[in-house]
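The values are calculated or read from the model by the stated rules, or taken from the named source; none is laboratory data. The shown structure was predicted, so the numbers you read here are calculated from the model rather than taken from an experiment. Methodologically, a virtual Cβ is constructed for each residue, glycine included, from the backbone with ideal geometry; neighbour enumeration extends over all protein chains shown. Accessible surface areas use protein heavy atoms only, side chains included; no ligands, DNA or RNA. Shrake-Rupley method; radii C 1.70, N 1.55, O 1.52, S 1.80 Å.
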Amino acid sequence: MRRIHALVFVLLAAVLPGTACTTPPPAPASAPTSLAESPLLRLARAVPTTAIMAKAGYWEDVVFQPFIESENRKNALIHSCDHPQADQRIDHIARVEWQAANLDSKIIVLEQFVVHHRDGRAVETIAEAKQQLSCGACRDSQLTFTVTGELVLPGVDAQHAVCGWQEELGFGSCLLLAKGDIAVATALRSRSEQAVHEELTRIAPVVGSAIAQV
């Protein structure tokens, strides 16, 4: 009889909560975060799609592609008189180039460089780009840029706008944006100073909304 009572007790202990040590069910696997994406996929999502740019009046001239470092252009968000510390933390860089669909447009080209920082601190590259302006040689291609002011765009961690001039290339504006581990430089070229400023103001929300959603 005692053996029967003992057996009943063991069976009850196995099914009643809190009466025996049981192995908890495995925790559900956590959903992958955006940071688990391939850096190149994140770079691609940080620039507007061809459909969005088409609505904005541009067609893709140079297809979005990984950038290959060369002697003329290093892995950097912008050209400068020094190699900023933030640029040394870049592990992926890509570029895309857009042409104005309107043949009468005064805009020559819109070019975007997008970089991924392996430490996630892309915002520092914007701060260091601002510092590079003081050396008088913050360059993109052959344009030397000077500060023109700020554009307030939602959804980004850092932003800065600069403008430059070179006799053969004309005026150029560059909008620098950063969010998390991604930074984007959007450069505009035009023969008209007024046109390039107007276009930067018009296109800024378009390029800003792309990186804001990364």
Can you report the number of residues in region 168-211 which are open to solvent by 50 Å² or more (accessible area, probe 1.4 Å), of a type in the set (D, E, K, R) and farther than 13 Å from Val109 by Cα? 5
When you go through (1) assigned to a helix (DSSP H, G or I); (2) open to solvent by 10 Å² or more (accessible area, probe 1.4 Å); (3) closer than 22 Å to Arg118 by Cα one by one for Gln159, which number turns out not to apply? (1)
Does any residue in region 187-205 that is touching a residue at least 24 places away in the same chain (Cβ under 8 Å) come within less than 6 Å, Cβ to Cβ, of a residue that is among the hydroxyl-bearing types (Ser, Thr, Tyr) six or more places away or on a different chain, and which pairs are these? Leu188/Ser173; Val196/Ser173; Val196/Ser190; Leu200/Ser173
Report, by residue number, each residue of region 91-143 that is in contact with a His (Cβ under 6 Å, 6 or more places away or on another chain), modelled with pLDDT of 85 or more and either in a loop (DSSP other than H, G, I, E, B) or open to solvent by less than 30 Å² (accessible area, probe 1.4 Å) (or both). His116, Ile126
Pair list, Cβ under 6 Å, 6 or more apart: region 104-125 residue basic (Lys, Arg), other residue crowded, with 20+ Cβ neighbours inside 10 Å: Lys106/Ser190
Residue tally, condition outside any strand (DSSP E or B) and in contact with a helix residue (DSSP H, G or I) (Cβ under 6 Å, 6 or more places away or on another chain), over region 173-214: 1
